[in-house]
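What follows is a set of notes on a single structure, which appears directly below.
Here, each number is a calculation from the coordinates, and none is a lab measurement. Computed from a prediction, not measured in an experiment: that's the story for all the values here. Counting neighbours? That spans all protein chains shown, and the Cβs are built from the backbone with ideal geometry, glycine included.
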Amino acid sequence: MNGMTDASAASAGAASPPAPVIETRDLVRKFGSQTVLDGVNLAISPGETVVIMGGSGCGKSTLLRHLIGSLRPTSGSIVLLGQDIGTLSEQELDQLRLKFGILFQSGALFNSMTVFENVALPLREHTQLDDTTIEIMTKIKLELVGLREHGNKFPAQISGGMKKRAGLARALAMDPQILFYDEPSAGLDPVTSAEIDQLILGLTKKLGVTSVVVTHEMDSAFTIADRMAMLDKGVMLKVGTREEFDALRKLTDAEAAKLSERDRLIRQFLRGDAKGPITERRALTNYADDLLGGAPTPAMAAITPSR
């Protein structure tokens, strides 16, 4: 009897991890002859914060647009909350979108509406709640982001950081399971940016939501991330814990010289160094040939990720 009990306990302890709430499988996106996403694989677990980073033009914004269903893959698949986005009709996709919120880079508030009206809008559009309930829920969301006392102001009357917080309150209006952030620190001063980071951390802890943050701000990324994912020319170079990326960032130059080209590229981006594989790649384009009308020498192809 004891043997069976022990076996049962062992079986319970070895329970399978929860299924990812977001998963891309061999995701490819082409625009004409240009491949913007090239076989991207990424799995995000419930309740974690994943930062997607990379240089300008690396494909991170395109990846985000696929995750929210604004773009359809050329090939591969995206599974969001157990549903393959590529198989859904627009109506089905609209229903799925009610389960996630988006903080756009600019906040994307309606200028003709007050902050309160902006946050209440999703509840008015997508629920049958009465005005009293909507008012209470809207005040709760505004309190979460520290704006309850500013609900009667218009977007033109508040600062950039307050606009970001108001956009976040609106993203929270429908109690989403997933929050997507598009460059949440863009255009903010360092102190306000740090406040937004702490707000993201606090909301993730309080509400238990899964957060996906697209950013190239490294201070912010290392503050909020559980895991990090780096794209380069549409290729996912590395997915790992914050600690793994931090260890790579802190290597000395002598230690870095022994790294693969892929890891040296990642380290250069994390540190913001002026010299390294990224800048060497840019220098490969032959400026003189381009000026004289010839085809420019192609830049180095994207570095193949380790498997």
Using a/c under 1.5 as the rounded threshold, could you call the range 16-137 rounded, prolate or oblate? The axes a ≥ b ≥ c are square roots of the C-alpha gyration tensor eigenvalues, and prolate needs a/b larger than b/c, oblate otherwise.
prolate
Can you tell me, using C-alpha contacts under 8 Å and at least 6 residues apart, the relative contact order of the chain as a whole percent?
20
The range 113-175 - charge dipole about Cα centre, Lys and Arg +1 at Cβ, Asp and Glu -1, debye rounded to 20:
380
Could you pull out the pairs from Lys141/Lys238; Lys163/Lys250; Lys30/Lys275; Lys139/Lys164 whose alpha carbons sit more than 26 Å apart here?
Lys141/Lys238; Lys163/Lys250; Lys30/Lys275
Which FRET efficiency value, to the nearest 0.05, do you get for Ala247 and Ser70 by plugging their Cβ-Cβ distance into 1/(1 + (r/R0)^6) with R0 = 35 Å?
0.50
Expected output is a single nm value to one decimal: the length gained when fully extending between Asp273 and Leu88, i.e. 0.36 nm times separation in residues minus the C-alpha distance. What is it?
62.2 nm
Packing-based exposure ordering (other Cβ within 10 Å, fewest first) of Val212, Val235
Val235, Val212
For each of Thr138, Thr74, Thr62, Thr192, count neighbouring Cβ atoms within 10 Å of the residue's Cβ, then give the residues from fewest to most.
Thr74, Thr192, Thr62, Thr138
How large is the dipole of the chain about the Cα centre if only Lys and Arg carry +1 and Asp and Glu carry -1, each at its Cβ, rounded to the nearest 20 debye?
360
May I ask you to sort Val51, Val145 by Cβ crowding, counting other Cβ atoms within 10 Å and putting the fewest first?
Val145, Val51
Evaluate the Debye formula for the chain with equal point scatterers sitting on the alpha carbons, no solvent, and hand back log10 of I(q)/I(0) at q = 0.08, 0.14, 0.16 Å⁻¹, in q order, two decimals.
-0.44, -1.12, -1.32
Roughly what would the spin-label model give for Leu98 and Ser45, points 7 Å off Cα along C-beta, in nm?
3.0
Value at 222 nm in deg cm²/dmol, rounded to 500, when DSSP H runs of n ≥ 4 in the chain each add -39,500 (n - 2.57):
-12000 deg cm²/dmol
What does the extension gain come out to for Gln157 and Asp130, with contour length at 0.36 nm per residue minus their alpha carbon separation?
6.9 nm
What is the spin-label model distance, in nm, from Asp219 to Phe31 if the labels are put 7 Å beyond Cα along the C-beta direction?
3.1
Options Gln83, Thr138, Gly69, ranked by Cα towards positive dipole end of the chain, top entry (Cβ charges):
Gly69
Under the rule rounded for a/c under 1.5, else prolate if a/b exceeds b/c, else oblate, using alpha carbon gyration tensor axes a ≥ b ≥ c, the range 108-160 is classed as oblate
